[in-house]
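To keep things clear, I will list the structure first and then write my remarks on it.
The values are calculated or read from the model by the stated rules, or taken from the named source; none is laboratory data. Remember, predicted model here, so these are calculated numbers, not experimental data. Neighbour counts are summed over all protein chains in view; Cβ atoms, including those assigned to glycine, are modelled from backbone coordinates with ideal geometry. SASA here: full protein model, heavy atoms, side chains in, ligands and nucleic acids out. Shrake-Rupley method; radii C 1.70, N 1.55, O 1.52, S 1.80 Å.
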Amino acid sequence: MHAKDRLSRVTEGFFGRRHGKTIRPQQAIALECGLREYRIDLTAEAPADLKTLFKAEVSALQLEIGFGGGEHLLHRATEAPQTGFIGVEPFVNGMAKMMTALGKSPLANLRVYDDDATRLLDWLPSGSLDGIDLLYPDPWPKKKHWKRRFVSAANLGRFARVLKAGGRFRFASDIDSYVNWTLLACRDHGAFAWQAEDAADWHRPYAGWPGTRYEAKAIREGRRPAYLTFIRK
């Protein structure tokens, strides 16, 4: 997609701070070396076949937006070596943790991007992904900040463009208002069909779900997670 065709990002501030506590020297080294190895370069033209981004031979492509400390992404990439995974995380501390883990156990089917996910989405070829995961995104709980939630008509349009027909968008959150927001947004967009047969479906974790630290905290604090799945029509 050419720059002139990309959607405006004037009001798209989907993530907050980029830095937390100062990372340790070993983490800084792992971060620098790891990004040199795994980071996707958006200044280069996207390959017609995204599978060529990976050292491993892969047959499917998955994107995870905002992987936090990387627990879920590492689990999935390890258990599915024939799937290529792209993880996005602008928070430096989360990316440093991921790069430290990859320094110890490299993965040939994983690539990362450490900035605004919309830039990556606009770079990707149309119909190139089999799935997108948006797991426990920042809920921006204050109503005046809801426009900063990642789920929006513009971003659902981005998802619809890069997902193959039949591709899967998964959304997990422990914030009821964001869950309802997402259900309504996907219904109004029209390109996504919610997959749920009964009320228990959206409170049942995904198959093979390893859990995350954030999810465990939410459960301890009495918030019930929801796990939504939408299929690209």
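Among the residues of segment 214-228, is there at least one that is under 29 Å from Lys51 (Cα atoms), modelled with pLDDT of 95 or more and open to solvent by less than 40 Å² (accessible area, probe 1.4 Å)?
Within segment 214-228, the first condition is being under 29 Å from Lys51 (Cα atoms), and the residues that meet it are 227-228.
Next cut, modelled with pLDDT of 95 or more only: 227-228.
Right, trim to open to solvent by less than 40 Å² (accessible area, probe 1.4 Å) and you get 227-228.
Yes, that holds for at least one residue.
In the list Lys143, Lys164, which residue meets the criterion of being open to solvent by 30 Å² or more (accessible area, probe 1.4 Å) and either closer than 14 Å to Phe230 by Cβ or within 16 Å of the chain's Cα centre (by Cα) (or both)?
Details: Lys143 fails: either closer than 14 Å to Phe230 by Cβ or within 16 Å of the chain's Cα centre (by Cα) (or both).
From the options Lys143, Lys164, the qualifying one is Lys164.
Residue check, Gln62 against (1) assigned to a helix (DSSP H, G or I); (2) open to solvent by 20 Å² or more (accessible area, probe 1.4 Å); (3) in contact with a strand residue (DSSP E or B) (Cβ under 9 Å, 6 or more places away or on another chain), all met but one. Which one?
Unmet condition: (1).
Restricting attention to segment 35-56, which residues are among the hydrophobic types (A, V, I, L, M, F, W, C) and either touching a Phe, Trp or Tyr at 6+ places or on another chain (Cβ under 7 Å) or assigned to a loop (DSSP other than H, G, I, E, B) (or both)?
Of the residues in segment 35-56, the ones among the hydrophobic types (A, V, I, L, M, F, W, C) are 35, 40, 42, 44, 46, 48, 50, 53-54, 56.
If the condition is that a residue be among the hydrophobic types (A, V, I, L, M, F, W, C) and either touching a Phe, Trp or Tyr at 6+ places or on another chain (Cβ under 7 Å) or assigned to a loop (DSSP other than H, G, I, E, B) (or both), then Ile40, Leu42, Ala44, Ala46, Ala48, Phe54, Ala56 are the ones that fit.
Among (1) more than 18 Å from Gly211 (Cα to Cα); (2) surrounded by 17 or more Cβ atoms within 10 Å (Cβ to Cβ); (3) touching a helix residue (DSSP H, G or I) at 6+ places or on another chain (Cβ under 7 Å), which single condition is Ala153 missing?
Answer for Ala153: the failing condition is (2).
Output the residues belonging to segment 171-206 that are open to solvent by 80 Å² or more (accessible area, probe 1.4 Å), touching a Ser or Thr at 6+ places or on another chain (Cβ under 8 Å) and hydrophobic (A, V, I, L, M, F, W, C).
Correct list: Trp194 only.
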